[in-house]
Amino acid sequence: LAVKDPTAVERANLLNMAKLSIKGLIESALSFGRTLDSDYPPLQQFFVVMEHCLKHGLKVRKSFLSYNKTIWGPLELVEKLYPEAEEIAASVRDLPGLKTPLGRARAWLRLALMQKKMADYLRCLIIQRDLLSEFYEYHALMMEEEGAVIVGLLVGLNVIDANLCVKGEDLDSQVGVIDFSMYLKSDDDIGGKERNVQIAAILDQKNYVEELNRQLNSTVSSLHARVDSLEKSNTKLIEELAIAKNNIIKLQEENHQLRSENTLILMKTQHHLEVCRQGLDEMYNEARRQLREESQLRQDMENELVVQVRMKHEIELAMKLLEKDIHEKQDTLRGLRQQLDEVKAINMEMYQKLQVSEDAMKEKNEIIGRLEDKTNQINATMKQLEQRLQQAEKAQMEAENEDEKLKQEYVNKSEIVAVWTVFGNLYREGDESSIHLLFTVRSALVRSSFLGIRHIKFCEYSFSIFKEFLKLQEKNRQLKRICQDQEAALQELASKLSESKLKIEDIKEANKALQGQVWLKDKEATHCKLCEKEFSLSKRK
């Protein structure tokens, strides 16, 4: 089962108790048949139930000495919302025996019941929930729908006539305890239903008559008020009429006196005028002379003003010309700044190209260094070959000496022919630079035509060495050609670098020349200092 909200249960219980209390009070009052007093038990129980209903969900308000929780605060608020409640609020405050706020609240409820306006007062109160939220919690009975239901039930209490003595009663010390035994049903209540129906019809008629009487009373009171206001206005008009008549008589007497005084004043003024005319003529002549002087001064001031206006126009024109000159100078400054930016960009490009060319020069220097190393190695091998050739010549000399000794002993023409064929092959394979060497060797071989087989083998060995020498010589030519090409490329790069350096130096000199110069004014600079031509506005820019 769902758990119910305890505050909702409390509101429902208080609503049921209010229904029982109001119903029992109406039924018992109708059966009692006369005006109720303060000792009537159902009436006392009704006030106790109303007190509990008004206390439900009441906020605790902190006072100077303690915490206070009373219903007098919201009830005191009714007089601000409903002007007719000011009377009972003032009566409650003037009661001598009440000392506590709770006692004043109890007295207020009793007076409201005697006026038969308790439902009206509480209805005005529950409508203003924003004001009630200062005194009640959000779940209080007066803040929910149950409060409106109770206000509707209180309308039925208008059929009851109550005569309560509040002045001598001790309302501060009463204990509000609900007596539930009064609301239990009995057999007599069941048997009196028919009588209650008749009583209800009588009560309805009574309510209708009371309501009609109340409306008639209100119309009569409004008519009395209008009559009183008309009588007051009539008396005021009569008094004002009498005062006006008295004022007219006084004004007539004053008029006679003023006429007599006026004749005397006319005679005096005529005499005074004759005296004053002479003084006025003199004053007129003096004023006319002063007017002429002032008109002359005004004319001088106007002329001076015209001169000032002209000077002002000239100053404004000069200011406009100055502004135009300033704008032109600003344009020239912008052009110079743009040129300076372009020069800086060119400097940056030339610096970058110089860096690239320096890197290329470094790489080519490294390549040249490697080529020089290779040429040094080739020269070393050439020196070694020359040493070997010298050794071969020495060995040849020794062989010639031996051949002279043995030429008579060994003759072999076929071997000589083979030697000649080898020389012929070498001659066809060789180049022009090696012809001289071949002929020297050939002449030596001719002289030693009667060499042996051992000398022929030696000759073949020498020719193999000669072939290696020719190959190395060819490689040397190729390396020299590559070195020459690289030297030409380096010369081209050097020329380009020199040109770029010259451009950079020219730009630096131009920048230095511009830094030291001062831009002259347009009036001072009439001719160009370089070409000696006359400046125009566009040419100077």
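The values are calculated or read from the model by the stated rules, or taken from the named source; none is laboratory data. What you see is a predicted model, and the numbers here were worked out from it, not measured in a lab. Quick reminder, even Gly has a Cβ in these numbers, built from the backbone with ideal geometry, and neighbours come from all protein chains shown. All accessible areas refer to the heavy atoms of the entire protein, side chains included, with ligands and DNA or RNA removed. Shrake-Rupley method; radii C 1.70, N 1.55, O 1.52, S 1.80 Å.
Residues that are open to solvent by less than 60 Å² (accessible area, probe 1.4 Å) and assigned to a loop (DSSP other than H, G, I, E, B) were ranked within the range 81-116; the one that is modelled with the lowest pLDDT is Gly97.
On the phi < 0 side of the Ramachandran plot and at pLDDT 75 or above: is that true of Gln491 in this structure? Yes; evaluated as a whole, the condition is true for this residue.
Report yes if Gln270 is polar (S, T, N, Q), closer than 30 Å to Glu84 by Cα and either assigned to a helix (DSSP H, G or I) or modelled with pLDDT of 90 or more (or both), otherwise no. Don't jump to the end; show me each part of the working.
Working: polar (S, T, N, Q): yes; closer than 30 Å to Glu84 by Cα: no; either assigned to a helix (DSSP H, G or I) or modelled with pLDDT of 90 or more (or both): yes.
No; evaluated as a whole, the condition is false for this residue.
Would you check if Leu264 is open to solvent by 100 Å² or more (accessible area, probe 1.4 Å) and farther than 30 Å from Leu154 by Cα? Write out each step before concluding.
Details: open to solvent by 100 Å² or more (accessible area, probe 1.4 Å): yes; farther than 30 Å from Leu154 by Cα: yes.
Criteria met by Leu264.
Taking the criterion of being open to solvent by 40 Å² or more (accessible area, probe 1.4 Å) and hydrophobic (A, V, I, L, M, F, W, C), the residues of the range 117-140 that qualify are Ile127, Leu131.
When the range 9-44 is limited to residues that are open to solvent by less than 20 Å² (accessible area, probe 1.4 Å) and either not small (Gly, Ala, Ser) or not in a helix (DSSP H, G or I) (or both), the one that is farthest from Glu145 (Cα to Cα) turns out to be Leu36.
With (1) at pLDDT 70 or above; (2) open to solvent by 100 Å² or more (accessible area, probe 1.4 Å); (3) farther than 21 Å from Ile346 by Cα as the list, and Glu499 as the residue in question, which single condition is left unmet? Result: Glu499 passes all but (3).
For the range 141-183, how many residues meet the condition of being surrounded by fewer than 12 Cβ atoms within 10 Å (Cβ to Cβ), among the aliphatic types (A, V, I, L, M) and in contact (Cβ under 8 Å) with a residue 40 or more places away in the chain? Number of matching residues: 1. The residues on offer are Leu65, Leu54, and the sole one that is at negative phi and either part of a loop (DSSP other than H, G, I, E, B) or modelled with pLDDT under 85 (or both) is Leu65.
From Lys374, Lys344, Lys362, Lys312, which residue is open to solvent by 100 Å² or more (accessible area, probe 1.4 Å), touching a residue at least 24 places away in the same chain (Cβ under 8 Å) and either assigned to a helix (DSSP H, G or I) or on the phi < 0 side of the Ramachandran plot (or both)?
Values: Lys344 fails: touching a residue at least 24 places away in the same chain (Cβ under 8 Å); Lys362 fails: touching a residue at least 24 places away in the same chain (Cβ under 8 Å); Lys312 fails: touching a residue at least 24 places away in the same chain (Cβ under 8 Å).
Just one listed residue meets the conditions, Lys374.
Flag: Asn379 matches the condition of being at pLDDT below 80 and either surrounded by 10 or more Cβ atoms within 10 Å (Cβ to Cβ) or within 60 Å of the chain's Cα centre (by Cα) (or both).
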